[in-house]
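Before any comments, here is the structure.
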Amino acid sequence: MRKLNQSDHEDVMRLLSKRRKRPAENLFTLWGIEAYGYEADIQTLWGQFDSDGELNAVLCKFKNKYTPYWETGCNVQVIADMINADTNEKQVNGIERLTKEIEPLITEGYSKRESYYYAKCDPTPNHNHSDSVRCLSEEEVPRLISFYQEVPEFKREYNPESFMDQISNGWSRIFVIEEDDKLISSASTVCETSVAAMVSGVCTLPEKKGKGLASICVEHLMHNLFQENKTLTLFYDNLEAGRIYKRLGFIDIEKWTINHCKERNYHNDN
């Protein structure tokens, strides 16, 4: 394997995004490439090539997260060796069929696993948009954070600058419904690229649940993004939420796993 650079971009896109399913499978790596390119300190990309010089695997390291992708005919041990060379605490993330295959080759194994249903919806016509939904501005991020603090499953610390950075760079859009000047429901995109985006931040105030408000937000978001011919993806682990997303047109494509590896310490016993 060797480090990839801008001259490899066409080969990388051919592997990661040319078929319709792949932009969803590789959303995070594609977003990292569009956002930061090949030379940023925050991420590194390596490629494995076959005997004919064709790229058949990509390994992306973003911060401490490794995301591999391959189709067929690659040497998985070589990919594992790249990950094993990093003895720090890290994650091996990706579609389950790949992370399962590489797990036996990871020196320290996976100390913790998270698994989510991973669904997508390709651009389709005739999705409703509602006059009750609007896009939140960058300046209104503090209102969004205050709203999240009232939703039990979203109550945590947030960095307003991170939200603002995502919006200003075109990586995120936040759609909301208000009532009496108060945010009551929302749905957002994150990791938005030129061809795909992930749905996130779908929530409603507890006292306003049961009215289909989150579905209205998501469908408005779908209408908005599909006008730009972008595929939408999302994670879910709640089967009831999954049924709602499927009614809107999402289909399961893979399970996505987040696999934690502890720091590996070497001890000299001599």
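The values are calculated or read from the model by the stated rules, or taken from the named source; none is laboratory data. Since this is a predicted model, take the numbers as computed values, not measurements. No Cβ is skipped: glycine too gets one built from the backbone with ideal geometry, and neighbour counts run over all protein chains shown.
Restricting attention to region 127-157, the residues that are within 27 Å of residue 228 (Cβ to Cβ) and assigned to a loop (DSSP other than H, G, I, E, B) total 8. Filtered by the rule that a residue be assigned to a strand (DSSP E or B), crowded, with 18+ Cβ neighbours inside 10 Å and not hydrophobic (A, V, I, L, M, F, W, C), region 169-222 gives 185, 186, 188, 189, 201, 204. The helices (runs of 4 or more DSSP H) located wholly in region 1-80 that include 2 or more residues which are within 19 Å of the chain's Cα centre (by Cα), among the aromatic types (Phe, Trp, Tyr) and modelled with pLDDT of 95 or more occupy 27-36. Scanning region 242-258 for residues that are under 18 Å from the mean Cα position of the chain (by Cα) and part of a helix (DSSP H, G or I) returns 242, 245. Of all the criteria given as (1) on the phi > 0 side of the Ramachandran plot; (2) in contact with an Asp or Glu (Cβ under 7 Å, 6 or more places away or on another chain), the one not satisfied by residue 53 is (2).
Here residue 79 clears all of (1) under 13 Å from residue 8 (Cβ atoms); (2) touching a residue at least 60 places away in the same chain (Cβ under 8 Å) except the condition numbered (1).
Residues that are within 30 Å of residue 18 (Cα to Cα), surrounded by fewer than 18 Cβ atoms within 10 Å (Cβ to Cβ) and at pLDDT below 95 occur at least once in region 127-147.
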